[in-house]
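Some notes on the structure that comes next.
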Amino acid sequence: MRVIACENAHQLGDVASELILDLFVQNPEAACCLPTGSTPIPVYQALVEKIRTSDIKLNELKFFNLDEYVGLGVHHNQSYAYFLFEHLFSQINVDSSQITLLNGLAADLDVECTRYNQLIDAIGNFDFVMDGIGVNGHIAFNEPAEFFIPRTHISAIAPSTIEANKRFFAQDETVPDQALTIGLEDIMKAKRFVLIATGANKKAVIERFFNEPEITTQFPMSFLRMHPNFTMILDKEACGSRYDYFRNHVGEIK
Ligand code: PGA
């Protein structure tokens, strides 16, 4: 695992976007699975800026989303599809044929999960997956549980996640309690996995990851220990007391 410690969220956006741009150059046909939430916003801002000032070709890239709320469609401003269009797809030169999204409004959600798995199978494994981290250690909407469903599935959103996500919704709106999410199998098979975390409210979950060596479904993030190509990009606040250590150990961290 590699940890890159940044001074702040702005620098994290710069570092993570550089890494993504490098990937696009190395593999112009890369299949990328991308996150939503507050953490990736500076990453997409920096990425859009860098793409605009470069002559990089994007037309062979493929984009997927990690997860989606059940009951919210692409036109709902809190859907993850809406988010990705707003912050990324509408800002860069990509065609809709390059974008594959989970449909939270699908009439049959099991069929929708199967459809998504088949589309993932058609590209092989993801070349690149980026994700934020939930305060409870969830990865995408793989919440702490007694067992994991390995592929794309319907997930019951944990009460702590619903609480954390209330900030995005209007007062009279209810946060959905179910989501569609890719599973841990596709995350673990991704050729590269990058986790981003910023802010003091992520300090405890990052500390837990380093303090508790056990791998358990009750703490989904712990599975990332086994990922062969795992990079964490953290800001100073999320690093907590390990900030200086991470700054001084830029290579592999056990
Ligand atoms: P956030 O969400 O980036 O909005 O903090 C991260 C997550 O819940 O995975």
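Please tell me if TYR44 is in contact with a His (Cβ under 6 Å, 6 or more places away or on another chain) and either touching a residue at least 24 places away in the same chain (Cβ under 8 Å) or surrounded by fewer than 21 Cβ atoms within 10 Å (Cβ to Cβ) (or both). Show your work before the answer.
Details: in contact with a His (Cβ under 6 Å, 6 or more places away or on another chain): yes; either touching a residue at least 24 places away in the same chain (Cβ under 8 Å) or surrounded by fewer than 21 Cβ atoms within 10 Å (Cβ to Cβ) (or both): yes.
Against the criterion (in contact with a His (Cβ under 6 Å, 6 or more places away or on another chain) and either touching a residue at least 24 places away in the same chain (Cβ under 8 Å) or surrounded by fewer than 21 Cβ atoms within 10 Å (Cβ to Cβ) (or both)), TYR44 qualifies.
Residue under question is ALA164, and the condition is that it be at pLDDT below 95 and within 12 Å of the ligand (Cβ to nearest atom); does it hold?
Working: at pLDDT below 95: yes; within 12 Å of the ligand (Cβ to nearest atom): yes.
Here the answer is yes, as ALA164 does meet what is asked.
Of all residues in the range 121-176 being more than 15 Å from the chain's Cα centre (by Cα) and acidic (Asp, Glu), which is farthest from GLN218 (Cα to Cα)?
By that ranking, first place goes to ASP172.
Which residues, taken from the range 214-223, are more than 13 Å from the ligand (Cβ to nearest atom) and in contact (Cβ under 8 Å) with a residue 12 or more places away in the chain? Spell out how you get there, then give the answer.
First, the residues of the range 214-223 that are more than 13 Å from the ligand (Cβ to nearest atom): 214-219, 222-223.
Within the range 214-223, THR217, GLN218, PHE219, SER222, PHE223 qualify.
Would you confirm, using the coordinates I've provided, whether ILE206 is within 16 Å of the ligand (Cβ to nearest atom), over 30 Å from GLY71 (Cβ atoms), among the aliphatic types (A, V, I, L, M) and touching a helix residue (DSSP H, G or I) at 6+ places or on another chain (Cβ under 8 Å)? Don't jump to the end; show me each part of the working.
On the way: within 16 Å of the ligand (Cβ to nearest atom): yes; over 30 Å from GLY71 (Cβ atoms): yes; among the aliphatic types (A, V, I, L, M): yes; touching a helix residue (DSSP H, G or I) at 6+ places or on another chain (Cβ under 8 Å): yes.
Here the answer is yes, as ILE206 does meet what is asked.
Do you know which of the residues in the range 16-31 that are aliphatic (A, V, I, L, M) and buried (at least 16 other Cβ atoms within 10 Å of the Cβ) is nearest to the ligand (Cβ to nearest atom)? Before you say what the answer is, go through the steps one by one.
Step one: filter the range 16-31 for residues aliphatic (A, V, I, L, M), giving 16, 19-21, 23, 25, 30-31.
Adding the requirement that they be buried (at least 16 other Cβ atoms within 10 Å of the Cβ) leaves 16, 19-21, 23, 30-31.
On the way: ALA16: 12, LEU19: 17, ILE20: 16, LEU21: 21, LEU23: 20, ALA30: 22, ALA31: 21 Å.
The residue in question is ALA16.
Looking only at the range 188-202, count every residue that is of a type in the set (A, V, I, L, M, F, W, C), away from the ligand (no atom under 12 Å from the Cβ), touching a residue at least 40 places away in the same chain (Cβ under 8 Å) and out of contact with any Cys (no Cβ under 8 Å at 6 or more places or on another chain) and tell me the total.
Residues flagged as of a type in the set (A, V, I, L, M, F, W, C), away from the ligand (no atom under 12 Å from the Cβ), touching a residue at least 40 places away in the same chain (Cβ under 8 Å) and out of contact with any Cys (no Cβ under 8 Å at 6 or more places or on another chain) within the range 188-202 amount to 2.
Determine if the range 106-122 includes at least one residue that is within 10 Å of the ligand (Cβ to nearest atom), touching a Leu at 6+ places or on another chain (Cβ under 9 Å) and not in a helix (DSSP H, G or I). Walk me through it before giving the result.
From the range 106-122, those within 10 Å of the ligand (Cβ to nearest atom) are none; that's our starting set.
Scanning the range 106-122 turns up no residue that is within 10 Å of the ligand (Cβ to nearest atom), touching a Leu at 6+ places or on another chain (Cβ under 9 Å) and not in a helix (DSSP H, G or I).
Return the residue satisfying two criteria in turn: it lies in the range 201-218 and is within 17 Å of the chain's Cα centre (by Cα) and among the β-branched types (Val, Ile, Thr), and of such residues it is surrounded by the fewest Cβ atoms within 10 Å (Cβ to Cβ).
So the residue we want is VAL205.
Among helices (runs of 4 or more DSSP H) lying entirely in the range 1-103, which contain 2 or more residues that are of a type outside the set (Asp, Glu) and under 17 Å from LEU180 (Cβ atoms)? Steps first, answer last, please.
Working: elements: 9-26, 41-52, 80-87.
Those helices (runs of 4 or more DSSP H) span 80-87.
Out of the range 32-86, which residues are farther than 23 Å from ILE120 by Cα and more than 16 Å from the ligand (Cβ to nearest atom)?
Hits for the range 32-86 are VAL48, GLU49, LYS50, ILE51, ARG52, THR53, SER54, ASP55, ILE56, HIS75, HIS76.
Going through the range 219-249 one residue at a time, which ones are out of contact with any strand residue (DSSP E or B) (no Cβ under 7 Å at 6 or more places or on another chain) and surrounded by fewer than 13 Cβ atoms within 10 Å (Cβ to Cβ)?
If the condition is that a residue be out of contact with any strand residue (DSSP E or B) (no Cβ under 7 Å at 6 or more places or on another chain) and surrounded by fewer than 13 Cβ atoms within 10 Å (Cβ to Cβ), then MET226, PRO228, SER241, ASP244, ASN248 are the ones that fit.
Within the range 139-161, how many residues turn out to be away from the ligand (no atom under 16 Å from the Cβ) and exposed (fewer than 15 other Cβ atoms within 10 Å of the Cβ)?
Qualifying residue count, the range 139-161: 2.
Within the range 174-189, can one find any residue that is part of a loop (DSSP other than H, G, I, E, B), exposed (fewer than 14 other Cβ atoms within 10 Å of the Cβ) and modelled with pLDDT under 95? Give the derivation first.
Initially, the range 174-189 is screened for residues part of a loop (DSSP other than H, G, I, E, B), giving 174-177, 182-183.
Narrowing the set further to residues that are exposed (fewer than 14 other Cβ atoms within 10 Å of the Cβ) leaves 174.
Now restrict to residues that are modelled with pLDDT under 95: 174.
Among the residues of the range 174-189, at least one is part of a loop (DSSP other than H, G, I, E, B), exposed (fewer than 14 other Cβ atoms within 10 Å of the Cβ) and modelled with pLDDT under 95, which makes the answer yes.
The values are calculated or read from the model by the stated rules, or taken from the named source; none is laboratory data. Quick caveat: nothing in here was measured; it's all calculated off a predicted structure. Neighbour counts are summed over all protein chains in view; Cβ atoms, including those assigned to glycine, are modelled from backbone coordinates with ideal geometry.
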